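Asker: I have a structure here, written as structure tokens, and I will follow up with some questions on it.
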């Protein structure tokens, strides 16, 4: 799965570079968006398929796998969808320590002929629930049904993924992925130590926040070259962790963002490169809800043909010509408090027919990046920027 980890990290940062121009908080689930695109890629052919693979960052990683396979005489190279199949199994393992689940669903238009192999593969690799809905005569009811599926698979945190009027009689297929996580910190923050403090939005402006505090041993690294530090805050069960990347300077985030690469991030957060020290950790309580329309960012990342009625090739889904992606929506939610973290995200793709050794102070009182990783697969489940709690 290390190649998959590389792909999710690259995808996280590629998408982040598309979203970071806004001044705002950012939060999304790379794994959710990638899974929805993986399902879409199953039905794509030709350039459309290659472009989706490029955006998913798998063309590079599969190239490496192929080279490696050739070197080790490994006959069977794992394809992209087998990687997703493994990920879905990892994410849905039942666990007492935390609640983590991912679910996929696809909704096809009634009477529309999909290729049997496409439907079988999507069930096999993505454990997807496959249903047909009457978009032609009942688009609004169909949309409510899809939204209620998303809501129930994210513990009620993601409501109305598809807003009223967003699906129409020309909708042929809707692919949806939902990810939900709720975990307690391995070492909880004591509420008695939470106090109101200043969070600096920039050098001149601050706002009051509820700052949680604890003194404990954490994995930590100081990055001299980019003037930033990282702490790993594990969740109960030690299978998932939140990593916080904090620039030394109040306004140092832009510089850190410009120097951030997937390779660096994987290297910095590698357990062997971090060391355990006693930290005095201050982290604000925060809650973020976000919604993104992703066609623009995905086109910039190289997935162009899927949105073009002239060029889209979804002949792997159906022999009917003229299928095109009309929208990719992503909604996410995260809440961080003394107990732990609750996070959820959902992505919907609509396809339609066109006509060091001392106690270190780690005080998150200015903008920082944070992400939640599953340690076993090293996959980035959620990625965000906290500009203003």
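Asker: Restricting attention to the stretch 243-253, which residues are more than 19 Å from residue 21 (Cβ to Cβ) and over 18 Å from the mean Cα position of the chain (by Cα)?
Answerer: 246, 248, 249, 250, listed by residue number.
A quick yes/no check of all residues on (1) farther than 28 Å from residue 119 by Cα; (2) assigned by TED's automatic domain parsing to the domain that holds residue 104; (3) assigned to a strand (DSSP E or B); (4) modelled with pLDDT of 95 or more:
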residue: 320; (1), (2), (3), (4): no, yes, no, no
residue: 344; (1), (2), (3), (4): no, yes, yes, no
residue: 349; (1), (2), (3), (4): no, yes, yes, no
residue: 361; (1), (2), (3), (4): yes, no, yes, no
residue: 380; (1), (2), (3), (4): no, no, yes, no
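Asker: Look at the stretch 10-29 and say how many of its residues are closer than 10 Å to residue 292 by Cβ and touching a helix residue (DSSP H, G or I) at 6+ places or on another chain (Cβ under 8 Å).
Answerer: Here the count works out to 5.
Asker: Please work out which residue is surrounded by the most Cβ atoms within 10 Å (Cβ to Cβ), limiting yourself to the stretch 81-100 and to residues that are under 19 Å from the mean Cα position of the chain (by Cα) and closer than 20 Å to residue 334 by Cα. Talk me through it step by step, then tell me what you get.
Answerer: Filtering the stretch 81-100 for residues under 19 Å from the mean Cα position of the chain (by Cα) gives 81-93, 98-100.
The next check asks that each one be closer than 20 Å to residue 334 by Cα; those that pass are 91-92, 98-100.
Working: 91: 20, 92: 13, 98: 16, 99: 14, 100: 24.
If we take residues in the stretch 81-100 being under 19 Å from the mean Cα position of the chain (by Cα) and closer than 20 Å to residue 334 by Cα, then 100 is surrounded by the most Cβ atoms within 10 Å (Cβ to Cβ).
Residue-wise test of (1) at pLDDT 90 or above; (2) over 30 Å from residue 169 (Cβ atoms); (3) part of a strand (DSSP E or B).
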site: 67; (1), (2), (3): no, yes, no
site: 71; (1), (2), (3): no, yes, no
site: 83; (1), (2), (3): no, yes, no
site: 90; (1), (2), (3): no, yes, no
site: 107; (1), (2), (3): yes, no, yes
site: 119; (1), (2), (3): yes, no, no
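Asker: Tell me yes or no: at least one residue of the stretch 41-57 is closer than 19 Å to residue 127 by Cα, at pLDDT 80 or above, in the same structural domain as residue 310 (by TED's automatic domain parsing) and part of a helix (DSSP H, G or I).
Answerer: The answer is yes; a qualifying residue exists.
Asker: Another question, then. Look through the stretch 170-191, keep the residues that are assigned to a loop (DSSP other than H, G, I, E, B) and surrounded by 15 or more Cβ atoms within 10 Å (Cβ to Cβ), and return whichever of them is modelled with the lowest pLDDT. Write out each step before concluding.
Answerer: To start, the set of residues in the stretch 170-191 that are assigned to a loop (DSSP other than H, G, I, E, B) comprises 170, 186-190.
Cutting the leftovers down to surrounded by 15 or more Cβ atoms within 10 Å (Cβ to Cβ) gives us 170, 186-187, 189.
Details: 170: 90, 186: 93, 187: 94, 189: 95.
Top of the filtered list is 170.
Asker: How many residues, within the stretch 202-234, are surrounded by fewer than 17 Cβ atoms within 10 Å (Cβ to Cβ) and not in a strand (DSSP E or B)?
Answerer: The qualifying residues number 7.
Asker: Mind listing whichever residues of the stretch 121-164 are closer than 13 Å to residue 109 by Cα and part of a loop (DSSP other than H, G, I, E, B)?
Answerer: Correct list: 134 only.
Asker: Okay, next question. Just give me the residues in the stretch 330-348 being in contact with a strand residue (DSSP E or B) (Cβ under 7 Å, 6 or more places away or on another chain) and over 11 Å from residue 32 (Cβ atoms), in sequence order. Quick ask: steps written out before the conclusion?
Answerer: Filtering the stretch 330-348 down to residues in contact with a strand residue (DSSP E or B) (Cβ under 7 Å, 6 or more places away or on another chain) leaves 330-336, 338-348.
Correct list: 333, 334, 335, 336, 338, 339, 340, 341, 342.
Asker: Which is outside any strand (DSSP E or B) and under 20 Å from the mean Cα position of the chain (by Cα), of 256, 329, 265? Talk me through it step by step, then tell me what you get.
Answerer: On the way: 256 fails: under 20 Å from the mean Cα position of the chain (by Cα); 329 fails: outside any strand (DSSP E or B).
One residue alone meets the criteria, 265.
The values are calculated or read from the model by the stated rules, or taken from the named source; none is laboratory data. What you see is a predicted model, and the numbers here were worked out from it, not measured in a lab. Positions of Cβ are backbone-derived with ideal geometry, glycine not excepted, and every protein chain shown enters the neighbour counts.
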